[in-house]
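The values are calculated or read from the model by the stated rules, or taken from the named source; none is laboratory data. If you're wondering where the values come from, they're calculated on a predicted model, not measured in any experiment. No Cβ is skipped: glycine too gets one built from the backbone with ideal geometry, and neighbour counts run over all protein chains shown. Protein only, heavy atoms only, side chains kept; ligands, DNA and RNA dropped before computing areas. Shrake-Rupley method; radii C 1.70, N 1.55, O 1.52, S 1.80 Å.
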Amino acid sequence: MAHRGTNGSKLFMTVLYMVAVCGAIPITDLLDRASQQSDKLHSLSTILTQELDSHFPPIGRVIMPRPAMCHTSSLETPTDKDQALQVSEANLMSLARSLLQAWMDPLAVLSTSAHTLPHPSRNSLFNKVQELQEHSKNLGDGLNILSGKMDPMAQTISFLPYRGGNIGQDKISKLTNFQFLLSCFRRDSHKIDSFLKVLRCRAAKMQPHMC
């Protein structure tokens, strides 16, 4: 499964680089491919969360930080599809790119931490986090190319620094902080996927109520 996902990501980037050179593929098709990639990203983060949940201590749910503590929470984003439909295409692209950029370092922390996570599926978790990193990087590179074909506002990136580091020393802290960070990523991957689907719909010139 991971091998097919990797091949799909490579094909996605190959197509985007080709269009950057010759402009032969309609932007609607490119946004469709980007939307497919973001859907894979969110689906994989959901699978990871479910796998981690299988051995997550009840106390962890009590002490886990609130979603407002996620490092990307300061970025103002639409809270639902109706709000997203009111945001310009360039701003939606800027938001999606800003969120992806903000997860480069935290995903690296998750990847490093998965090796020593006190969880029976840590090898599987580690492999999936690596897939997340690859999908995220490829999608980010692809959106960089797409944003160059849009209004200059799409090139704007909001800086959202991640100030975390070691996820903890004891078993409860490691599992709780890992789960919290992953839940933040899952939330943001859903936003990215939603924004790209709205962009794809608009590019296809569909009516707002059909998006």
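Checking Asn166 against (1) in contact (Cβ under 8 Å) with a residue 60 or more places away in the chain; (2) assigned to a loop (DSSP other than H, G, I, E, B); (3) surrounded by fewer than 16 Cβ atoms within 10 Å (Cβ to Cβ), which test does it fail?
The failed condition is (1).
Considering every residue within segment 92-107, establish whether at least one is more than 17 Å from Arg187 (Cα to Cα) and open to solvent by 40 Å² or more (accessible area, probe 1.4 Å).
The answer is no, given that none of the residues of segment 92-107 is more than 17 Å from Arg187 (Cα to Cα) and open to solvent by 40 Å² or more (accessible area, probe 1.4 Å).
Among the helices (runs of 4 or more DSSP H) confined wholly to segment 31-138, which include 3 or more residues that are at pLDDT below 90, closer than 21 Å to Phe159 by Cα and of a type outside the set (Asp, Glu)?
Where helices (runs of 4 or more DSSP H) fall fully within segment 31-138, none carries at least 3 residues being at pLDDT below 90, closer than 21 Å to Phe159 by Cα and of a type outside the set (Asp, Glu).
Output the qualifying pairs, or none if there are none: Cβ atoms under 9 angstrom, residues six or more apart or on different chains, first residue in segment 61-77 and of a type in the set (S, T, N, Q), second residue open to solvent by 50 Å² or more (accessible area, probe 1.4 Å).
Pairs found: Thr72/Tyr162; Thr72/Arg187; Ser73/Pro67; Thr77/Gln83.
Determine which member of the set Lys128, Lys171 is of a type in the set (Lys, Arg), in contact with a helix residue (DSSP H, G or I) (Cβ under 8 Å, 6 or more places away or on another chain) and surrounded by 13 or more Cβ atoms within 10 Å (Cβ to Cβ).
Step by step, each of Lys128, Lys171 is checked, and only Lys128 is of a type in the set (Lys, Arg), in contact with a helix residue (DSSP H, G or I) (Cβ under 8 Å, 6 or more places away or on another chain) and surrounded by 13 or more Cβ atoms within 10 Å (Cβ to Cβ).
Run down Ser124, Ser136 and say which single residue is farther than 20 Å from Asp188 by Cα and either without any contact (Cβ under 8 Å) to a residue 24 or more places away in the chain or not charged (D, E, K, R) (or both).
Within the list Ser124, Ser136, the selection yields Ser124.
Within segment 139-158, count every residue that is under 16 Å from the mean Cα position of the chain (by Cα), open to solvent by 10 Å² or more (accessible area, probe 1.4 Å) and touching a residue at least 60 places away in the same chain (Cβ under 8 Å).
Result for segment 139-158: 3.
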